[in-house]
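K.L.:
Below are the structure tokens for one structure; questions will follow.
The values are calculated or read from the model by the stated rules, or taken from the named source; none is laboratory data. Computed from a predicted structure; not experimentally measured. Methodologically, a virtual Cβ is constructed for each residue, glycine included, from the backbone with ideal geometry; neighbour enumeration extends over all protein chains shown. For accessibility, only protein heavy atoms count, side chains too; no ligands or nucleic acids. Shrake-Rupley method; radii C 1.70, N 1.55, O 1.52, S 1.80 Å.
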Amino acid sequence: MTEKKQFSVLVIAATYIGTVVGAGFASGQEVLQFFGYFGRAGLIGLAVTAILLAVLGYMILELGRRLNADSHLAVIRYAGGKWIGSFVDWVITFFLFGALVTMAAGAGAILAEQFGVPFLLGSILMIAASLTTVLLGISGVVRSISLVVPLLLVSVLGVAIYTIASDLPSLLATLREYSEPARAPVPYWPLTTILYVSYNLVLAVAILAPLGAMSGPNRLKTGAIWGGIGLGIGATLINLAILTHVSRASAYEVPMILVAGTISPWVRILYTIVLLAEVYTTAVGSLYGFVARLTQPETPR
């Protein structure tokens, strides 16, 4: 508790955004799957998502503060009780490790495809960067994520806004006519909205719980609100950018790389680097949450 009130509102909001904004978000694939296929209805889902992320994010932060949590365990046990809480705890811990492995594989694939770096070397470099950051403790993790996030947001939003502005008639036509809910994971936008918020919070709780123990309630509330708004705006702009080129973008594993490439080849390369930074923030958050659950944080072990 000696570090209480160390982090500002902007750092809290940036850390929240950085934890949720991973490779799936920046690639545009998540946004397309959960919202883009619903056309105009997807925009309603995104608005609901922003509200839910703000409210539920604040609840996790506040529980972390009250329980002085050093991992997600205290919050999960408090919310779910001994038996359900223990089950959910191990599910979250498993998914945190799975997310780390997925991010390492993603980094290897991106570096191999875009820059010719051997797949295994790319994965090793991402794991090494994540390990180095996590060894700095929760303060190092929060500061590294919050420093990277502004660059990520500016890049993602810049590409999205430019794409929307340069071909607005095409976007408006798509919003009037386009809707393919059968291609979504679940063909009902209210349910996909809940699923999207839920699985993102499964990973975010690992960082939000200990982060909540390191600041006062007023900062946590404002930080959560700004984090939810930032995530909602970012996802909405990505969704609109993809819908502008939906006929081609929906055929790509990384739709936003296609969107960036429509601006120029250099923008495509820069966006690839941004995507790697997104992978890094998710990998760091997942690794910290995993090891903080298995051993006592801030100790040599």
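K.L.:
Cα axis of helix 189-212 to longest principal axis of the chain: angle in degrees, 0 to 90, nearest 10?
P.N.:
For helix 189-212, the angle is close to 40 degrees.
K.L.:
Work out the charge dipole of the chain with +1 on the Cβ of Lys and Arg and -1 on the Cβ of Asp and Glu about the Cα centre, then indicate which of Pro210, Pro187, Ile229 is farthest towards its positive end.
P.N.:
Among Pro210, Pro187, Ile229, the one farthest towards the positive end of the dipole of the chain is Pro210.
K.L.:
How much of the accessible area of segment 104-166, probe 1.4 Å, is carbon plus sulfur, in whole percent?
P.N.:
About 79 percent, which is the carbon plus sulfur part of the accessible surface.
K.L.:
May I pose another question? With every protein chain kept in place and ligands, DNA and RNA left out, what is the accessible area per residue of the chain? Probe 1.4 Å, answer in Å².
P.N.:
Per residue, the chain has an accessible area of 45 Å².
K.L.:
Here's something else I'd like to know. Which order do the peptides 139-145, 259-265 take when ranked by the mean count of other beta-carbon atoms within 10 Å per residue, highest first?
P.N.:
The densest-packed peptide leads the list: 139-145, 259-265.
K.L.:
If you don't mind, there's one more thing I want to ask. HN-Hα J couplings of segment 283-292 from phi, Karplus 6.51/-1.76/1.60, θ = phi - 60°, integer Hz, Gly and Pro as x?
P.N.:
Computed from phi, the couplings for segment 283-292 are 4, 5, x, 5, 5, 4, x, 5, 6, 5 Hz.
K.L.:
Still on this model: Report in % the part of the accessible area of segment 226-276 that belongs to carbon and sulfur, leaving out ligands and nucleic acids; probe 1.4 Å.
P.N.:
On segment 226-276, the fraction of accessible area on carbon and sulfur atoms equals 72 percent.
K.L.:
Based on the Kirkwood radius over alpha-carbon pairs, what is the Stokes-Einstein translational diffusion coefficient of the chain at 25 °C with 0.890 mPa s viscosity, in µm²/s?
P.N.:
127
K.L.:
OK, next. Taking all protein chains together and a probe of 1.4 Å, list Tyr188, Tyr196 from the most accessible to the least accessible.
P.N.:
Final ranking, largest accessible area leading: Tyr188, Tyr196.
K.L.:
Roughly how many nanometres apart are two label points built 7 Å out from the Cα toward the Cβ at Asn68 and Trp266?
P.N.:
Once both label points are built, they end up 5.4 nm from each other.
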